[in-house]
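Asks: Here it is: the structure, laid out below.
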Amino acid sequence: MADASDGRIEDRLKQMIVERCFLDIDPASIEENEPLIKRRDIDSLKLFEIVVGTEEEFGISVMEENFSVDSFRTVKEIAECVRRHLSE
């Protein structure tokens, strides 16, 4: 497990999303504000993979009672969620 200082959070998230969702794209092509569900055809199973991947990548637990799909709409929102958990 790496900590948040090992690379930019957004870049690490993009790489993880491409790997976990088996996307045949360059991670850098994902815009930080693009809606992943609409633009990258992310379904509920792939969204779950992103949540689990985020937890594993950053050593955090986001599956709390305050979990919201809205926190995982874009790379930027996921990064903000990661930063919140890392600062606790």
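What follows draws every value from the coordinates through simple rules; no lab data is involved. Since the model is a prediction, treat every value here as computed from it, not as a measurement. Virtual Cβ from ideal backbone geometry, glycine too; neighbours counted across all protein chains shown.
Asks: For n ≥ 4 DSSP H runs only, could you compute -39500 (n - 2.57) per run for the chain, divide by its residues and tell me the 222 nm figure to the nearest 500? If you can, show how the numbers build up before the last one.
Replies: Values: 4 runs with 44 residues, N = 88.
Value at 222 nm, helices only, nearest 500: -15000 deg cm²/dmol.
Asks: What full-extension length gain, to one decimal in nm, is calculated for Glu31 and Phe48 as 0.36 nm per residue of separation minus the Cα-Cα distance?
Replies: On the way: separation 17, 0.36 × 17 = 6.12 nm, distance 2.01 nm.
Going from the current span to full extension adds 4.1 nm.
Asks: Please get the size of the charge dipole for the chain, origin at its Cα centre, with Cβ charges of +1 on Lys and Arg and -1 on Asp and Glu, quoted in debye to the nearest 20. Walk me through the intermediate numbers first.
Replies: On the way: 12 positive and 22 negative charges, 43 e Å.
With only Lys, Arg, Asp and Glu charged at Cβ, the dipole is about 200 debye.
Asks: Further, regarding this structure: Roughly what would the spin-label model give for Asp11 and Glu55, points 7 Å off Cα along C-beta, in nm?
Replies: 2.8
Asks: For Asp24 and Lys76 in one chain, what is 0.36 nm times their gap in residues minus the Cα-Cα distance, to one decimal in nm? Don't skip to the end; give the middle numbers.
Replies: Numbers: separation 52, 0.36 × 52 = 18.72 nm, distance 2.08 nm.
This chain segment gains 16.6 nm when fully extended.
Asks: So how much slack lies between Arg40 and Arg84, counting 0.36 nm per residue of separation and subtracting their Cα-Cα distance, in nm?
Replies: Details: separation 44, 0.36 × 44 = 15.84 nm, distance 2.51 nm.
Result: 13.3 nm gained on full extension.
Asks: A further question on this structure: Note the listed values (i) 11.7; (ii) 9.2; (iii) 5.3, then indicate which one is mean projected area of the Cα convex hull in nm² calculated from this particular structure.
Replies: (iii)
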